[in-house]
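The values are calculated or read from the model by the stated rules, or taken from the named source; none is laboratory data. Please read these numbers as outputs of a predicted model, since none were measured by experiment. Cβ: placed from backbone, ideal geometry, glycine included. Neighbour counts: every protein chain shown.
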Amino acid sequence: MTKLPVDGPFDYLAPDGGVSVGDYVRVPIGPRSVVGVVWDKGGNKPLDRNKVRAIESRIDVPPMHSVFMKFLERAAGYNLASVNAMLRLTRLPESNEALPTRLTFRLSGTSPKRMTAPRARVIEALEQAGARGLAAASLQERAETTASVISGLRKQGVIVADAVPSSYRLPKLNVKARKTRLNAEQRDVSRQFVARAQQATYQTVLLKGVPGAGKTEVYLEAVAATIRSGRQVLVLLPEIALTVQFLERVAERFGSPPLQWHSGITKARKKRVWTLVGSGRAQLVVGARSALFLPFTDLGLIVVDEEHDRSFKQSEGVIYHARDMAVLRGSMSGSLVILSSATPSLESWINARDGKYGRLDMVTRYGSAAAPVVDTIDMRSESLPRGRWISRVLAGEIQLRLRRHQQSLLFLNRRGFAPLTICRACGHQISCSECDVTLTEHRFVRELQCHQCGLSTAVPETCPHCDVAGKLAPIGPGVERLAEEVASLFPDAKLEVLSSDLVSAGDQLRERIGSITSGDVDIVVGTQIIAKGHNFPHLSLAAVIDADMGLQGADIRAAEHCFQLIRQVAGRSGRIDLEGVALLQTWQPEHPIMQAIVSGDDEKFWTTEAAEREIAGIPPFGQYVGIVVSGSDIDAVRTLSMEMARLSGPLDGIGAELFGPAPAPIMRIRGRVRFRLLIKAERSMAVQAATASWLGQFKIPGSIRLTVDVDPHDFL
């Protein structure tokens, strides 16, 4: 859908033959022709027919389901976005030629208003064809009738059309094809999920299971039960990288791979998936967060795998959290929603504790695998030479794995070679010209890159400030620098480096993951792309190089995110029948988070974290709405921000607090200066309505951008 200068519905005259609510149509907007959806019939509103333009055409695809339309309205209201903005997430069809299709007709069970001989022949032909229906040409031939007769029956709702891709045969999933034998715990949990799926009513259940417990195999049983019932299934994954092994497991379980939806697939494949979903033919879709806005007609199950993952938060355009929107869509579709994680978000943990969600636990690793032994390495007792980050203790453990022909994983949550380049002659730090951040050196491609705006430049020979040569020095480690150290310490080891900027999704990533899984790699160095969701049978050591990194910063969820990430990394070791060890290099081994990870007492950590947040009244015990005002003119941005803070009446009226404005921690991104305001409210307050009323007071100039983030996860 084209972005419009005005949000809200527009009035049009219906074309000949009429349209129905939910139909996709092409309409004129000024000099342009755009695609939209018929949202309602307009009622008895008086219109000047000479001033109202007509709909150009109806796009011949299945109409948008009424439940989906209501979901978009609710999602828009919660996230303080317009319905037009939400519609842009649904990837409206561009035209009738969006995908080569054939229309297959079926009987709806409704009788025509007036029966004629041609209409009777059409109905008889479709009765004989049964559930598979007939293509338009075949129906005309068998019924010995014309296209106008078929069109008339369709407008009356006597027959319905299913737009089927003409060049694609959708493989059916074999729900009885399971080869994996479930253990007692898996059978018990899967039976409960199957029973819930068969109820065909809304429920949300938190599936909390230790890494390696087989959570995926368990919820695939619920997938099978839902498909058997004739309803559709959506599985959301946080990372495209996780689809590699997951798709293989699904194909093994059901005999065929599911449909995919993420940024890594082609535009043509997206058109195909969109059409199959909207026609009800797609049984199972696996995708990233945007798959939540596909036009499912009968969604029976939504699985949010790694539900705690920060990737489910959309941070640009319409800002939303896919986990929360999945729960909303499930509640409106009568779906079972499964939130799966070894380290759930505090929000989900609280909802399960308070009875809003169900909860099922899996505490045993599958087969003979045992939980890894977790310990810390006190870096205060290490005397490492300059430019070294692998402790002597860790180096010894890696060497031991090499002798045993086992694998080691070294995790560092920092891309590139070094996060900072400094001149040792004048002290200048090389920074981005468009953002208030330093450039990260990526030595493999010999570039300095900005991780905010994507700007890249060649590594200079001399300091750009003092023009002295030979004094530029990298400060701090990234995965590339860590890999360089590994290669120096273990020159005979086979090394694999995995980072989102070094490997693309698809065949390249599949090949590298396959090499690790088969045991062709000795040491893996990686970022978050390797920290979760993978099953490496030969890996017995997982090490976190800078375990203290996540403890820093003003993020209210810093402790939670640090705990989750390190626990996920630790869970990669000892997944099959090897004794697993996880080591955390830390300067604060006595820190409560480190102690919680070492002890394995997850419930104690969540209980303590919940108590601290409740005292402070911060999410999930309070509500936050973040506002970012940005523009190229700092005076204009500051003036508007100050005016917004001064006219806070609607927020004061419900008792909410407004903080700011203040310069954002990263004040300038992509050349735009940024000021932040923060609304804090109690859970019982109608903060969305008050915020909408407050923002409605201001006319935002075209040069200034206002971003609204309900339940913010990023405070930069």
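Condition first: within 30 Å of Gly209 (Cβ to Cβ) and either touching a residue at least 24 places away in the same chain (Cβ under 8 Å) or of a type in the set (Lys, Arg) (or both). Can you find one or more residues in the range 655-670 that meet it? No; the residues of the range 655-670 include none that is within 30 Å of Gly209 (Cβ to Cβ) and either touching a residue at least 24 places away in the same chain (Cβ under 8 Å) or of a type in the set (Lys, Arg) (or both). Only one of the numbered conditions (1) closer than 26 Å to Val218 by Cα; (2) in a helix (DSSP H, G or I); (3) in contact with a Phe, Trp or Tyr (Cβ under 9 Å, 6 or more places away or on another chain) is not met by Val303, and that is (2). Can you name the residue in the range 378-399 that is assigned to a helix (DSSP H, G or I) and touching a residue at least 12 places away in the same chain (Cβ under 8 Å) and, of all such residues, is surrounded by the fewest Cβ atoms within 10 Å (Cβ to Cβ)? This residue is Arg380. Only residues that are surrounded by 24 or more Cβ atoms within 10 Å (Cβ to Cβ) and of a type in the set (Asp, Glu) were counted in the range 306-337, giving 3. Restricting the range 602-617 to residues that are touching a helix residue (DSSP H, G or I) at 6+ places or on another chain (Cβ under 9 Å) and in contact (Cβ under 8 Å) with a residue 60 or more places away in the chain leaves a set whose member that is farthest from Phe563 (Cα to Cα) is Arg613.
Of all residues in the range 280-298, exactly one satisfies the criterion of being small (Gly, Ala, Ser), part of a loop (DSSP other than H, G, I, E, B) and surrounded by fewer than 21 Cβ atoms within 10 Å (Cβ to Cβ), namely Gly280. The requirement of being aliphatic (A, V, I, L, M), touching a residue at least 40 places away in the same chain (Cβ under 8 Å) and within 25 Å of Arg310 (Cα to Cα) is not satisfied by Ile704.
Among the residues of the range 1-49, those identified as part of a loop (DSSP other than H, G, I, E, B), touching a helix residue (DSSP H, G or I) at 6+ places or on another chain (Cβ under 9 Å), surrounded by 14 or more Cβ atoms within 10 Å (Cβ to Cβ) and at pLDDT 80 or above are Gly22, Trp39.
Restricting the range 625-675 to residues that are of a type in the set (Ser, Thr, Tyr) and in contact with a helix residue (DSSP H, G or I) (Cβ under 8 Å, 6 or more places away or on another chain) leaves a set whose member that is farthest from Cys450 (Cα to Cα) is Ser648. When the helices (runs of 4 or more DSSP H) confined to the range 143-262 are screened for residues that are within 30 Å of His538 (Cα to Cα), those reaching at least 1 such residues are found at 184-199, 215-228, 243-254. Taking the conditions (1) polar (S, T, N, Q); (2) more than 19 Å from Asp162 (Cβ to Cβ); (3) touching a residue at least 40 places away in the same chain (Cβ under 8 Å); (4) out of contact with any helix residue (DSSP H, G or I) (no Cβ under 8 Å at 6 or more places or on another chain) in turn, Ser279 satisfies each one other than (2). If the condition is being part of a loop (DSSP other than H, G, I, E, B) and surrounded by fewer than 16 Cβ atoms within 10 Å (Cβ to Cβ), then the range 421-443 contributes Arg424, Cys426, Gly427, Ser433. Being over 28 Å from Lys271 (Cα atoms) and either in contact with a strand residue (DSSP E or B) (Cβ under 7 Å, 6 or more places away or on another chain) or touching a residue at least 40 places away in the same chain (Cβ under 8 Å) (or both) is true of Ala125. The sole residue among Leu72, Leu87, Leu80, Leu92 that is farther than 15 Å from Gly22 by Cα and crowded, with 19+ Cβ neighbours inside 10 Å is Leu80.
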